[in-house]
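Q: First, the structure itself, so that you have it in front of you.
The values are calculated or read from the model by the stated rules, or taken from the named source; none is laboratory data. Note that the structure is a prediction, hence the values are computed from the model and not measured. Note that each Cβ is placed from the backbone with ideal geometry, even for glycine, and that neighbours are counted across all protein chains shown.
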Amino acid sequence: MDAVPDNSAMPHTILLTGATGFVGSHVAEALVRAGHTVRALARSGSDTAFLTALGVTLVPGDVTDADALKRAAAGCDAVVNSAAKVGDWGHVDGYRAVNVEGLRNLFDATLGQPLHRFVHISSLGVYEARHHYGTDETEPLPNDHIDGYTQSKVEAERIALQYHRKQKVPVVILRPGFVYGPRDRTVLPRLAERLRERSVIYIARGRYALNTTYVGNIADAVLLALGAPAEGVVGEVFNITDGEFVSKRRFFETVADGLGLKRPRGFPPVPVWLARAMANWRESTFRKLNKPHPPRITQAQLKFAGLNLDFSIAKARTKLGYTPRVLFDEGMGRALAWHKGERGA
């Protein structure tokens with residue numbers, strides 16, 4: 001595959017997947033603001049008012065629809081993939097259909113046309129579910145993961161790098177951590193409900209790090225991945241976080257204080273080993289009973305609440321020129337203000 005001239009200042013016609021989602025909407029906004037022409041896939045019934053107001057061209061379909069992808073990709077010289085099935089419950093095949101096979105469809109739809117860049121948004125969840133202290137991109141990924149989502153994201157990265165090696169697609173992979181910010185209609189509302197129920201309990205006293213990533217910082221990283229010179233960037237993987245230490249306790253207490261709710265109970269603190277045993281037992285029981293919903297505690301929730309999740313962004317700083325513009329206090333303030341506005345608070 002031939003690549004178009006590497007010109008970071010050149011506006012591009014970009015196919016964006018997942019644009020109606022939380023991360024995708026912020027990426028769409030950043031791309032339009034930067035002067036790019038954006039074309040987005042939109043599933044039937046999706047709320048597209050925000051994208052329409054931005055001037056984004058909408059193409060009906062999703063990443064599982066190969067024909068829709070071909071129509072959407074025609075004439076585009078760059079791709080940003082933010083489409084993903086997320087969650088911590090359900091059979092891995094459901095996640096693979098979107099996160100792996102959907103990505104394969106997206107690559108196949110663009111083969112034969114010159115691409116400047118193909119940016120794939122992955123996740124720090126691809127790393128092994130253990131304590132991390134400054135883990136960087138040289139860390140090998142596990143073959144078997146804790147749930148369908150993280151398993152499929154590992155497999156998706158391998159597909160992306162395979163297309164880079166064999167088809168010369170100019171791939172760049174970004175790995176954000178726990179994403180927060182305005183327009184989050186899933187994670188923050190669920191957490192707020194858990195805080196209202198008083199069901200949030202600290203694991204290991206809440207002292208471990210959370211890999212916070214403000215959604216606008218991800219959008220900045222996408223622009224950098226599109227605009228950076230190919231050398232040292234194409235074919236590479238980059239961790240993306242806010243670059244500051246935010247403990248679980250600080251995170252939960254900031255949300256509780258911002259919403260006028262009681263802080264989580266500090267005692268008795270649950271040790272990580274006990275939380276892991278509980279999660280394994282509950283997940284096993286729920287699977288045997290074929291429950292359609294997850295238990296109160298899962299391996300994914302344990303990772304979020306009880307493991308030290310500190311990842312190095314030195315590579316993104318040096319090779320992409322990435323510097324987080326929004327840190328946690330400001331970013332969470334924006335997220336909470338939006339959430340309260342949505343609830344009419």
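Q: In the stretch 21-55, what count of residues is obtained for those that are of a type in the set (Ser, Thr, Tyr), closer than 20 Å to residue 74 by Cα and either in contact with a His (Cβ under 6 Å, 6 or more places away or on another chain) or modelled with pLDDT under 95 (or both)?
A: 0
Q: If I filter the stretch 99-106 for residues that are at pLDDT below 95 and either among the polar types (S, T, N, Q) or surrounded by fewer than 18 Cβ atoms within 10 Å (Cβ to Cβ) (or both), do I get at least one hit?
A: yes
Q: Every residue in the stretch 60-95 that is among the hydroxyl-bearing types (Ser, Thr, Tyr) and either on the phi > 0 side of the Ramachandran plot or touching a residue at least 60 places away in the same chain (Cβ under 8 Å) (or both), please.
A: Across the stretch 60-95, the qualifying residue is only 82.
Q: Considering only residues that are touching a Phe, Trp or Tyr at 6+ places or on another chain (Cβ under 9 Å) and among the acidic types (Asp, Glu), which ones fall in the stretch 156-201?
A: Of everything in the stretch 156-201, just one residue is touching a Phe, Trp or Tyr at 6+ places or on another chain (Cβ under 9 Å) and among the acidic types (Asp, Glu), namely 184.
Q: So for the stretch 35-49 (the condition being surrounded by 19 or more Cβ atoms within 10 Å (Cβ to Cβ) and either assigned to a helix (DSSP H, G or I) or of a type in the set (Asp, Glu) (or both)), does at least one residue qualify?
A: Within the stretch 35-49 (the criterion being surrounded by 19 or more Cβ atoms within 10 Å (Cβ to Cβ) and either assigned to a helix (DSSP H, G or I) or of a type in the set (Asp, Glu) (or both)), the answer is no, since none of the residues qualifies.
Q: Would the stretch 49-64 turn up any residue that is closer than 26 Å to residue 237 by Cα and of a type outside the set (S, T, N, Q)?
A: Yes.
Q: On the given criteria, is residue 132 under 21 Å from residue 77 (Cα atoms) and either among the hydrophobic types (A, V, I, L, M, F, W, C) or under 19 Å from the mean Cα position of the chain (by Cα) (or both)?
A: Taking the combined requirement at face value, the residue does not satisfy it.
Q: Same structure again: Restricting attention to the stretch 301-332, which residues are in a helix (DSSP H, G or I) and basic (Lys, Arg)?
A: 303, 315, 317, 319 - these are the residues of the stretch 301-332 that are in a helix (DSSP H, G or I) and basic (Lys, Arg).
Q: Out of the residues in the stretch 79-95 that are among the small types (Gly, Ala, Ser) and at pLDDT 80 or above, state the one that is surrounded by the fewest Cβ atoms within 10 Å (Cβ to Cβ).
A: So, considering only residues that are among the small types (Gly, Ala, Ser) and at pLDDT 80 or above, the one surrounded by the fewest Cβ atoms within 10 Å (Cβ to Cβ) is 94.
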